[in-house]
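Data first, discussion second: the structure below is written as structure tokens.
What follows is calculated from the coordinates using simple rules that are stated; it is not laboratory data. Keep in mind it's a predicted model, so treat the numbers as computed, not measured. Cβ: placed from backbone, ideal geometry, glycine included. Neighbour counts: every protein chain shown.
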Amino acid sequence: MKLTIFAATGGIGRQLVAQALAAGHDVTAVARDATRVPGDVRVVTVPEPLFAIERTLDSRRILAVFNINAEPVSLERCLLPSSRPIEAMPSDVEITAQSLAFPPYAVYLGLIDG
């Protein structure tokens, strides 16, 4: 199975990487410091605590923003494509007209307008 593990250098992330490798899975680790990722895995280095991806699913454009930091982080909405939260996916992210406020390790999932 192909697995992507976020915060792969944190306490739980390191354990997940080790267990996934031991079970024979194909692992991609997401971390801010590639030198701290355990094991022989592909690493996606993310220099900032926020990591965003955009994908199309069933003709809908979806935005996912992850806070891979143990600290809260805020992000101005003008830095992201215009989107609205996916209501079926509750989140701890506080959303205002101007910003998104992420608690530690929170995820925002939104539908991109347009």
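Of all DSSP bridge pairs formed entirely within the chain, close to 70 percent run antiparallel. Counted by neighbouring Cβ atoms within 10 Å, the residues I86, I68 run from fewest to most as I86, I68. Please report how far the C-alpha centroid of region 1-63 lies from that of region 77-95, rounded to the nearest whole angstrom. A separation of 22 Å, based on Cα centres. Here are labelled values, (i) 16.2; (ii) 15.7; (iii) 15.1, and one is the computed Kirkwood radius over Cα pairs in Å for what I pasted. Which one? Read-out taken from this structure: (iii).
Could you tell me which of rounded, prolate or oblate describes region 65-109, using a ≥ b ≥ c as the square roots of the eigenvalues of the alpha-carbon gyration tensor, with rounded for a/c under 1.5 and, failing that, prolate when a/b is larger than b/c and oblate otherwise? It comes out oblate by the Cα gyration axes. Quick check: pseudo-label points 7 Å beyond the Cα along Cα→Cβ at D92 and E71, how many nm apart are they? Computed distance between label sites D92 and E71 equals 1.7 nm.
Farthest toward the positive end of the dipole of the chain, out of P103, L80, A31, is the Cα of A31, where the dipole comes from beta carbon charges about the Cα centre.
In a reduced charge model with +1 at each Lys and Arg Cβ and -1 at each Asp and Glu Cβ, the chain shows a dipole moment near 260 debye about its Cα centre. In the chain, the longest principal axis of the Cα atoms and the axis of helix 11-22 are about 60 degrees apart.
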